[in-house]
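So the structure is just underneath, and the comments pick up after that.
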Amino acid sequence: WLAAMGDKFFQYEPAAAQALRGAQLDGGRTTGAASNPNSTWSERSKRHASAWDRPEQQGSPQLPGTIRAFPEEQPLILEDSSSGWEMWRALCGREDSGESDVDVVHKDSSPGQGRRRSSSRRFSRRSNASGDSGDEPEAWRNPWVLKLGLGLACVITVLVAFLSPHLAKLNGSGDANHGSTGTPGQSFQPSTPPPPPPPVVPIPGVKPTQGHHNWFMCPTVGVCGMQRIEKWSTDPRALASKVGFLSSLPGVNDASYTPVAQQWSASPPSFRGLPVKLSDVAIFVQQLLNSDPFQTGDSVPFVDFRPPSEGKVVMISQRQLAFLVANVLMGNSIPVGDGLTAALKRCSGKKTGGATLIRSLLSLLAVLSRELTAGAQGSMLIGATPRARDSSWRERLTKSTLKEPKLCVHQGGAGTATDCGLEDFMAGSTAFQSVTDIAGGVVGGGAELCDLADSQDESAVQYYSEVLAFAFFTAAGASNAAANSMLPVPFALLGARRYVNEISGQSLTSGRCGRVEESEWLNVKIPTDIIRVNVNGSAAIVASSAFIAVASACSACLAGSACDMATNVNNQCNEQRRHLDDDVDLWFQAYDPSMYAGAVQESFRRIVKYIGTGPWGAGVWYGDSQQYFLTVWLATALLGGASLHYYIYDHFCENPANQCFVLGKQGCSSCIARGGANTPVRATYCGTQSVYDIVSRFKGQPAQSLYGLLKQVRGPPLQVFDVLAGNY
């Protein structure tokens, strides 16, 4: 059979190689010279193996064909249709029965060449010890030996199938329980059957996914592959003919949209070297509405992220998100309401009319109109909320080690430059680094998704347009209230990118966190790095970036009237040091992959390798900046994977100049002098120990050691770093 099917099997050599080796198709890219179709399989196998043997090519081998092999193995090039027994060779993993499958060595014909262990132990093998062309006879190449072996295998299979029911009866029962030892009829099965799994409580309106789709959703903890299917109020195809040139948007108040449209028309932003006019965006919107990216007709899958929000997941493509935005801008919605429509209506009543929100959504469409050509779906976006807090991090205190963080000091003034070689974390330009949204109760905070503000959380969503658009997945109903139509915290969006310029943690002279340029506001340096991840058993392509919204405890709220503003901003309030467990709990909940639905844990782990943050906890909730650095460092160590990138500012968007205290004698006073104008932060409270001193003291130690000290840390007037260093 193998001899007969071999010729047909080898005609599909890329697929065969991929199935047998786990190799990846390299996008059609030729990695070397074409193979000679007239050469024998053994000759090509030797040529490929020798390419891996040469030291100068071991780092980046250039092999014939279009298969990129994993570096720890040699390639299996299945391209010869001349002999079916080669398939047997590949499946057996050896050419010489005298060689062990796990201890095969390569031999070289050169006299001075020593023995080397093969970097591939399964498929590409030398045919004999002398390294010749493989002409010596081998017993198992004899077709009669092959036929005899296959015949015996078939006979044994038939006998087992025929006799197995009778063997069961001889064992004392007619069931399928078989035991190799013990009394007759006894088996190794448990004496009592395991309890059945608890029934899944049905969720009203939630149905299992029918057919194959590239989107994936979990409406609650432990329930995945199910979601609501909501019908659009208007068939999207009917709206396509009404797009025109985007001179107006049915879903947006004219008074709010007209200034945005006029500015766009007067100075269209450029992307990839060409201006993106509103007419270009209009064409893309028409294409989106005429398509069916979800493959659900006039309906759309939906999960409501509103509380109770634990364990929910929405994975959709960039094209599918653009489709949702296009529908909302054209006035389309769903029966349960959506948060993005509610935001547009809510913001139209604000002073600015929601111009920043509108421009952010149009910027998303503008960039994707250039990236998603020929109907491409683009990369996937994974929105997720973790399960409820459970303090499981305590079990890791003795097992985790404090790893040295990367400390990045902002260089002052506008821009994103730092002294560590990385751009500001809020720029979202570092691959595999998450942007920490220093959030409150909802993503977008008090600005209600409408405009920029003097705090990081309110402003950040306007630059990360995909986060803004994900507000669609809140069932706002008939209410436009922010409480019903904003994403809860904590919330993670894997694959999120920044579409709009420009934002950094350093606040501007206007007091705002970030600004939107009057022209050329599109992020032309938008990241294009992607990674292949596994989601619920299927491969997905996701951008190597993330946006994580996480709230801390509110120090000022807990202190109440016990501490005034001047006391808080100088780290002189005792209550600022008394909620360590709550803060570790919150950080761990938002950043540990195990807290999320099992289907997306691998994705989270592979995408969030670095955590970028500024003074989390020490912003407008006025925590102690030294205490919070140590809390974040400790909590990150408990994650077991991601590393901390901590950014220091002299004038952060929130609580400016307070973060200067982490610099100690090395720069606290000069930092306050640069950024402390018009604030009650005073250099007289600068301590001796700096963040560099404290990292040097504790790095490499068990997390338990730092945790124990922080739990018992003394109150002011000394700064926390000085207390831990024993300077009292």
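When the pairs Lys312/Lys609; Lys351/Lys406; Lys312/Lys699; Lys399/Lys609 are compared against a 31 Å limit on Cα-Cα distance, Lys351/Lys406; Lys312/Lys699 fall above it.
With the radius of gyration and the Kirkwood radius both derived from the Cα set of region 205-329, what is their ratio Rg to Rh? Could the numbers behind the result be given before it?
Details: Rg = 17.2 Å, Rh = 16.4 Å.
Value, to two decimals: 1.05.
Over the alpha-carbon set of region 348-450, divide Rg by the Kirkwood Rh and report the Rg/Rh ratio to two decimals. Spell out each step's value before the answer.
Numbers: Rg = 19.3 Å, Rh = 18.6 Å.
My calculation of the ratio gives 1.04.
In square nanometres, what is one fourth of the surface area of the convex hull spanned by the alpha carbons of region 529-681?
Values: hull surface 39.9 nm².
The directionally averaged projection comes out at 10.0 nm².
Evaluated at 10 °C with a viscosity of 1.306 mPa s, what Stokes-Einstein diffusion coefficient in µm²/s does region 427-560 have when Rh comes from the Kirkwood expression over alpha-carbon pairs? Mind dumping the intermediate values first?
Working: Rh = 16.0 Å.
D, rounded to a whole number, is 100 µm²/s.
Can you bin region 511-615 into rounded, prolate or oblate? Criterion: square roots of the alpha carbon gyration tensor eigenvalues sorted a ≥ b ≥ c, rounded for a/c under 1.5, prolate for a/b above b/c, oblate for the rest. Taking the square roots of the gyration eigenvalues as a ≥ b ≥ c, region 511-615 is oblate. Averaging the sequence gap over all C-alpha pairs within less than 8 Å and six or more residues apart, then dividing by the number of residues, gives region 232-375 a relative contact order of 38 percent. Add +1 for every Lys or Arg and -1 for every Asp or Glu among the other residues with Cβ under 15 Å from the Cβ of Glu404, and state the total. Here the charged neighbours net out to +3.
Each Lys or Arg adds one and each Asp or Glu subtracts one; over the other residues with Cβ under 12 Å from the Cβ of Val281, this totals +2.
Its residues counted as N, region 252-297 yields a C-alpha radius of gyration over 2.2 N^0.38 Å of 1.45.
Could you calculate the contour length gain from Thr688 to Thr373, that is, 0.36 nm times the residue separation minus the distance between their Cα atoms, to one decimal place in nm? Don't skip to the answer; put the middle values down first.
Numbers: separation 315, 0.36 × 315 = 113.40 nm, distance 5.73 nm.
107.7 nm is the gain from fully extending Thr688 to Thr373.
Over all Cα atoms in region 393-504, the spread is summed up by Rg and Dmax: 16.5, 51 Å.
Each peptide in 147-154, 549-556, 484-491 gets a packing score, the mean of other Cβ atoms within 10 Å over its residues, and the list from highest to lowest is 484-491, 549-556, 147-154.
Highest mean first, how do 604-610, 494-500, 323-329 rank when packing is the count of other Cβ atoms within 10 Å averaged over residues?
Ranking, from highest mean packing down: 494-500, 323-329, 604-610.
Seen from Val467, the other residues with C-beta closer than 12 Å to its C-beta sum to a net charge of -1, counting Lys and Arg as +1 and Asp and Glu as -1. Database remark: amide H of Ser317 closer than 5 angstrom to the amide H of Leu381 (H placed geometrically; neighbours at sequence offset of 5 or more, or on other chains; Pro and chain starts carry no H).
Could you tell me the relative contact order of region 583-728? Use alpha-carbon pairs under 8 Å, at least six residues apart, and round to a whole percent. Value for region 583-728: 18 percent.
Could you order peptides 646-659, 397-410 by the average number of other Cβ atoms within 10 Å of their residues, highest first? If you can, show how the numbers build up before the last one.
On the way: 646-659: 26.4, 397-410: 17.6.
Result, highest mean Cβ count within 10 Å first: 646-659, 397-410.
Note on region 632-728: semi-axes of the ellipsoid equivalent to its C-alpha gyration tensor, largest first and rounded to whole Å, are 25, 17, 11. Comparing Asn480, Val435, Gly421 along the charge dipole axis of region 419-489, the residue lying farthest to the positive side is Asn480, per the Cβ-charge model. Remark on region 270-400: Rg and Dmax equal 18.5, 60 Å (Cα only).
Rule-based calculations on the coordinates, nothing more; no lab input. A quick note: this is a predicted structure, and the numbers were derived from the prediction, not measured. When we count neighbours, we look across all protein chains shown, and the Cβ atoms used for this are built from the backbone with ideal geometry, even at glycine.
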